[in-house]
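The values are calculated or read from the model by the stated rules, or taken from the named source; none is laboratory data. None of these values were measured; they are calculated from a predicted model. Cβ: placed from backbone, ideal geometry, glycine included. Neighbour counts: every protein chain shown. Only protein heavy atoms, including side chains, enter the accessible area calculation; ligands, DNA and RNA are left aside. Shrake-Rupley method; radii C 1.70, N 1.55, O 1.52, S 1.80 Å.
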Amino acid sequence: KTAKTAAITHVSIKKIFGYKNIEWSLDQDTNILIGKNGCGKSTLLKLIYACINNDVDTLEFYKSPYIELTVSKTYDNGEAQESKITPSQSLANMNVVLVNTFDIQYDKHNDDVIDLDNQLMQLVAKFGEYQRSLTQIVNKKVGVQKIERDELFKNISTATTPEDLSRLQQLSIEIKNATDEINKPLLAFKNLIDNYFSGTNKSLIIDNEDAPLLIKIENKPEALKVTQLSSGEKQLLIIFLTVILQKAKPFILLMDEPETSLHVEWQSTFIDKIKELNSAIQIIIATHNPLIALNREHGEIGT
């Protein structure tokens, strides 16, 4: 069975640092935890993530609290299933991603510091792999048509009949329609980011042979690398690259203070834009900025 949606519906954590307890019932769509700095919002996200991934180091740092997550999955046939997760007993194929763009992280496996640029470049590399996989799907679907089209183009100046021209037009339409349909997620991603970047006359280049992702500035011949963007633009790209790379599969997105460096106008819209890219996503945000909660339902906000 393939899950259509997956969501954490309740979090129970006891004895964080040996004394603090948390109970939190969550919406299956969007959840925004608002509180002052130092009240434990980031800790909650880290412990949720550590529980699902059985991250022993993080759990031990917080004195090995007892954690139980209630997870609800729905399937294409309408069946719903509820399960419990603890650090020692997780679920197979539980897809959860933690986005933390304001914190410099340490990758203990590769003995490396992961800053904003490192996070971004890792995602851009995966985005390139995703683009190549879509190209392979296109070639598999209309590869024969491409070969026939290219042969017709090659001979177009010689003995081309009206039937050949009609066939060439038909093939071109078939190839374009198939390519556009398969690349629809990429185009949606590009249009979304272009809209955010339009205020500074920037747009994405996603079809360059030398790099998976470059930045075009209006009336300037040379493209920018993504590492040349502002911190807010990098952060926005990190969030939306994370979403697009899930390929519309159900997953849980944990975000710790995503508003850091984001333009004020972006803060009130980016949650809805995330849902446009992937409707099968549960969003769990920790923030101290009430602008994130604008236009949200009352049940989506916790304190």
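Structure data summary
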quantity: Residue, modelled with the lowest pLDDT, within segment 282-295, restricted to residues that are surrounded by fewer than 19 Cβ atoms within 10 Å (Cβ to Cβ) and of a type outside the set (A, V, I, L, M, F, W, C); calculated: N295
quantity: Segment 127-159: number of residues that are open to solvent by less than 40 Å² (accessible area, probe 1.4 Å) and among the hydroxyl-bearing types (S, T, Y); calculated: 2
quantity: Enumeration of residues in segment 200-216 that are under 23 Å from T269 (Cβ atoms) and either open to solvent by less than 40 Å² (accessible area, probe 1.4 Å) or in contact (Cβ under 8 Å) with a residue 40 or more places away in the chain (or both); calculated: K202, S203, L204, I206, L213, I215
quantity: Residue check, L45 within 24 Å of S279 (Cα to Cα), open to solvent by less than 40 Å² (accessible area, probe 1.4 Å) and either of a type in the set (A, V, I, L, M) or part of a loop (DSSP other than H, G, I, E, B) (or both); calculated: yes
quantity: Cross-chain or 6+ apart pairs with Cβ under 8 Å, segment 136-151 first and β-branched (V, I, T), then in a helix (DSSP H, G or I) and surrounded by 12 or more Cβ atoms within 10 Å (Cβ to Cβ); calculated: I137/I182; V138/A178; V138/T179; V138/I182; V142/E174; V142/I175; V142/A178; V142/T179
quantity: From the options K84, K36, K73, residue that is out of contact with any strand residue (DSSP E or B) (no Cβ under 9 Å at 6 or more places or on another chain) and either open to solvent by less than 20 Å² (accessible area, probe 1.4 Å) or within 19 Å of I284 (Cα to Cα) (or both); calculated: K36
quantity: Test: residue in segment 225-235 that is within 23 Å of N118 (Cα to Cα), touching a residue at least 60 places away in the same chain (Cβ under 8 Å) and in contact with an Asp or Glu (Cβ under 6 Å, 6 or more places away or on another chain); calculated: yes
quantity: Condition broken by F240, with the remaining ones in (1) open to solvent by 70 Å² or more (accessible area, probe 1.4 Å); (2) not in a loop (DSSP other than H, G, I, E, B) satisfied; calculated: (1)
quantity: Strands (runs of 3 or more DSSP E) wholly inside segment 51-144 containing at least 2 residues that are modelled with pLDDT of 90 or more and among the β-branched types (V, I, T); calculated: 66-75, 96-99
quantity: I13 being touching a strand residue (DSSP E or B) at 6+ places or on another chain (Cβ under 8 Å) and at pLDDT below 90; calculated: no
quantity: Every residue from segment 271-291 that is touching a residue at least 40 places away in the same chain (Cβ under 8 Å), outside any strand (DSSP E or B) and either touching a Leu at 6+ places or on another chain (Cβ under 6 Å) or among the hydrophobic types (A, V, I, L, M, F, W, C) (or both); calculated: I271, K273, L277, A280
quantity: Condition broken by S166, with the remaining ones in (1) surrounded by 11 or more Cβ atoms within 10 Å (Cβ to Cβ); (2) assigned to a helix (DSSP H, G or I) satisfied; calculated: (1)
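Residues are listed down the side, and each one gets a yes or a no for (1) closer than 23 Å to V11 by Cα; (2) crowded, with 20+ Cβ neighbours inside 10 Å:
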| position | (1), (2) |
| --- | --- |
| L254 | yes, yes |
| L262 | no, yes |
| I271 | yes, yes |
| A280 | yes, no |
